[in-house]
Amino acid sequence: MHHAQVFYPPGEEARARKFYGETLGLIELERPVTLRDRAGIWYAAPPGHVHLSADRELGLHPRRHFALRVDDLDATVKTLRAAGAPFEEADPIPGWRRTYVFDPFGNKIELDEISE
């Protein structure tokens, strides 16, 4: 994956940074100079990025999501639950454990952990 793009309402940068940076633990990246004339925040999500852009129309769909691989699903879920993030159960897939979490703006994120 190179990057995933999701949206947040204009003026909600502080909430976006709290969720993606503080709670989820992603590292904020400096955006290219050519994009600094519009609101947005980029995060490293190795091997790719998560790009957040401000827009009034979030275009949410119940199945639309992006996935992040985590080293410890239980610890990640515990941190996000403590922060009040809502979850949705994911159907099992052999070879990995997974769940869905929602950011403060309704974007769905799949969290995956490889299982042995």
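Residues being surrounded by 13 or more Cβ atoms within 10 Å (Cβ to Cβ) and in contact with a strand residue (DSSP E or B) (Cβ under 9 Å, 6 or more places away or on another chain): count how many of those fall in segment 6-18.
Within segment 6-18, the subset surrounded by 13 or more Cβ atoms within 10 Å (Cβ to Cβ) is 6-9, 12-13, 15-18.
Restricting the remaining residues to those that are in contact with a strand residue (DSSP E or B) (Cβ under 9 Å, 6 or more places away or on another chain) gives 6-9, 12-13, 15-17.
Of the residues in that region, 9 qualify.
Might you let me know whether segment 93-113 holds any residue that is of a type in the set (A, V, I, L, M), closer than 15 Å to A4 by Cα and either at pLDDT below 95 or not in a helix (DSSP H, G or I) (or both)? Don't jump to the end; show me each part of the working.
The first filter runs over segment 93-113 and keeps only residues of a type in the set (A, V, I, L, M), leaving 93, 101, 109, 111.
Next cut, closer than 15 Å to A4 by Cα only: 109, 111.
From the residues that got through so far, the ones that are either at pLDDT below 95 or not in a helix (DSSP H, G or I) (or both) too are 109, 111.
Looking for residues that are of a type in the set (A, V, I, L, M), closer than 15 Å to A4 by Cα and either at pLDDT below 95 or not in a helix (DSSP H, G or I) (or both), one finds at least one in segment 93-113, hence yes.
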For Y20, the lone unmet condition from (1) outside any strand (DSSP E or B); (2) under 19 Å from H2 (Cα atoms); (3) of a type outside the set (S, T, N, Q); (4) without any contact (Cβ under 8 Å) to a residue 60 or more places away in the chain is (4)
Looking only at segment 1-47, and only at residues there that are modelled with pLDDT under 95 and of a type in the set (K, R), the one that is nearest to K78 (Cα to Cα): R31
Residue within segment 38-46 that is of a type outside the set (A, V, I, L, M, F, W, C), loosely packed, with under 11 Cβ neighbours inside 10 Å, at positive phi and without any contact (Cβ under 8 Å) to a residue 24 or more places away in the chain present: no
For a quick check of your reading of the model, give me the residue pairs whose first member lies in segment 72-91 and is within 15 Å of G25 (Cβ to Cβ), whose second is of a type in the set (F, W, Y) and part of a strand (DSSP E or B), with beta-carbon atoms closer than 7 Å and at least 6 apart or on different chains. A85/F102
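Of everything in segment 47-69 that's small (G, A, S) and surrounded by 15 or more Cβ atoms within 10 Å (Cβ to Cβ), which residue is nearest to A4 (Cα to Cα)?
Pass one, segment 47-69, residues small (G, A, S): 48, 53-54, 59, 67.
Filter again for surrounded by 15 or more Cβ atoms within 10 Å (Cβ to Cβ), leaving 53-54, 67.
Numbers: S53: 11, A54: 14, A67: 9 Å.
The residue in question is A67.
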Residue selected from segment 32-58 under the condition within 18 Å of F19 (Cβ to Cβ) and not in a strand (DSSP E or B), by the criterion nearest to the chain's Cα centre (by Cα): L58
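How many of the residues making up segment 1-17 are part of a strand (DSSP E or B) and either aliphatic (A, V, I, L, M) or touching an Asp or Glu at 6+ places or on another chain (Cβ under 8 Å) (or both)?
We begin by selecting, within segment 1-17, every residue part of a strand (DSSP E or B); these are 3-8.
Next, only the ones that are either aliphatic (A, V, I, L, M) or touching an Asp or Glu at 6+ places or on another chain (Cβ under 8 Å) (or both) stay: 4, 6-8.
Within segment 1-17, residues that are part of a strand (DSSP E or B) and either aliphatic (A, V, I, L, M) or touching an Asp or Glu at 6+ places or on another chain (Cβ under 8 Å) (or both) number 4.
The values are calculated or read from the model by the stated rules, or taken from the named source; none is laboratory data. Note that this is a predicted model, so its numbers are computed, not measured. Reconstructed Cβ throughout: ideal geometry from the backbone, glycine too, with neighbour counts over all protein chains shown.
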